[in-house]
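Any read-out appearing in this document is the output of simple, stated calculations on the displayed coordinates, not a laboratory observation. All values derive from a computational prediction rather than experimental measurement. Cβ: placed from backbone, ideal geometry, glycine included. Neighbour counts: every protein chain shown.
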Amino acid sequence: VEPNPCVGAVVLDADGRPVASGVHSVYGGPHAEVVALAQAGERARGGTLVTTLEPCAHSAKKTSPCVPAIVAAGVARVVAGTGDPNPVTAGRAAAELAAAGVGYDVGVLEGPCRAALARYAAHLAVRRPWTIAKWAMSLDGRTADASGASRWISGEASRGLVHVLRGAVDAIVVGTGTVVADDPSLVPRVAGTRTPLRVVLDSGLRVPASARVVVSARETPTLFVCADGAPHGRRRLFEDLGVEVACVAASPGGGVDVAAAFAELHRRGVRRVLLEAGGTLTAACFAAGVVDQVAVFVAPLVLGGQCAPSPLRGGGWPLAQAPRIEETRVLDLPPDALVEGYLSAAPSAVRPSAPA
Ligand SMILES: NC(=O)c1ccc[n+]([C@@H]2O[C@H](COP(=O)([O-])OP(=O)(O)OC[C@H]3O[C@@H](n4cnc5c(N)ncnc54)[C@H](OP(=O)(O)O)[C@@H]3O)[C@@H](O)[C@H]2O)c1
């Protein structure tokens, strides 16, 4: 659910018996309180709603606020583990619940609840999207063969999960290299999911006008982020074809300034990104400190050779300074394995030194 908070809720009936529970399980999906109240139905009336976090009272997000739903359900009292660190909503539940005559106790379990919400709280201060870097690689760490072919390294189950991931983000980001090599369409093929914005970081707007992301731009929103100084003629060409174009600063090493590009996405309301780039841009994103989570599909084959690319190009990091992943989980997706985890520092502090 990142960058949203991990929240759970339990409904007790008027006699104090637990009758329903819910969790916020999908970014953009219903909040825990709404799930639990829907399950409880009439049994919530006169009862108590217990929740990890102060219920939200603001509409600046993808779902409607919880406080009106709580009032409508007729609960007599709300108990929240801790307050919401988000200034947009902090403290508002108290006033709105009091006005509706609903009892409210907040801060009854500060330590454990704040620990559960640490990533959410840290990310609030960062004006960029939560970013999941995803790649598929062979057992020997190659993302394509020496000729650049990468379809398909991973198996069907892995590719199916990628479509689920795509349907749970606001934007998919790739670099020019991936568009030129693979000509991907970058749309989730799972019914009922949202259509994320397709974003290409293309400093000089050199992607061919015949690329799938361009020719389908009128049906599927597409944004090219170029560097200041990109040719005006190319910009006009892409805009005429339905592609949005945003210009940001160039990075000192060439390419688009990654931090500026991700800040631009945040400004456009993008809160969750799936980075599906090749090794060049993925390395630049790690170096710029914009990656929060990794999802790595490891397939049981070896590609070998000197020229087959790795998931992160560039000079790399000395072992002592290597970005580390924590809370790793391994999911069995026969014949592949998915390794997931979070970058070890809090988002605001994730600033690994640039590859040499
Ligand atoms: N197995 C997998 O999961 C997977 C996923 C994706 C791609 N691939 C493979 O990776 C290969 C393509 O790799 P790639 O590294 O060329 O693709 P990439 O990382 O997606 O694209 C690199 C390009 O992005 C542009 N870019 C813009 N700003 C940048 C910045 N700040 N830093 C770095 N790049 C920036 C640059 O082009 P400009 O200078 O023109 O702006 C750069 O050449 C293909 O063979 C593809 O099949 C594999």
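Return the pairs, sorted by first residue and then second, in which the second residue is of a type in the set (Phe, Trp, Tyr) and within 8 Å of the ligand (Cβ to nearest atom), the first residue lies in the range 135-160 and is over 14 Å from Thr282 (Cβ atoms), the beta carbons are less than 7 Å apart, and the residues are 6+ apart or on different chains.
Every condition considered, the pairs that remain are Ser154/Phe297; Ser158/Phe297.
List every residue pair whose Cβ atoms lie under 7 Å apart, where the two residues are 6 or more positions apart in sequence or sit on different chains, the first residue falls within the range 169-191 and is touching a residue at least 60 places away in the same chain (Cβ under 8 Å) and within 7 Å of the ligand (Cβ to nearest atom), and the second residue, located anywhere, is in a helix (DSSP H, G or I) and not polar (S, T, N, Q).
Going by the 7 Å Cβ cut-off, the qualifying pairs are Gly175/Leu281.
What is the number of the single condition among (1) assigned to a loop (DSSP other than H, G, I, E, B); (2) surrounded by 20 or more Cβ atoms within 10 Å (Cβ to Cβ); (3) among the hydrophobic types (A, V, I, L, M, F, W, C); (4) in contact with a strand residue (DSSP E or B) (Cβ under 6 Å, 6 or more places away or on another chain) that Ala295 does not meet?
(1)
I'd like the residue in the range 242-270 that is buried (at least 21 other Cβ atoms within 10 Å of the Cβ) and in contact with a Pro (Cβ under 7 Å, 6 or more places away or on another chain) and, out of all such residues, is nearest to Ala308 (Cα to Cα).
Within the range 242-270, the match that is nearest to Ala308 (Cα to Cα) is Phe262.
Results for (1) free of Cβ contacts under 8 Å to residues at least 60 places away in the same chain; (2) assigned to a helix (DSSP H, G or I), shown as yes or no for each residue.
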residue	(1), (2)
Leu274	no, no
Leu281	no, yes
Ala337	yes, no
Glu340	yes, no
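I'd like to know if the range 194-202 contains one or more residues that are touching a residue at least 24 places away in the same chain (Cβ under 8 Å), more than 13 Å from the ligand (Cβ to nearest atom) and not in a loop (DSSP other than H, G, I, E, B).
The answer is yes, given that some residue of the range 194-202 is touching a residue at least 24 places away in the same chain (Cβ under 8 Å), more than 13 Å from the ligand (Cβ to nearest atom) and not in a loop (DSSP other than H, G, I, E, B).
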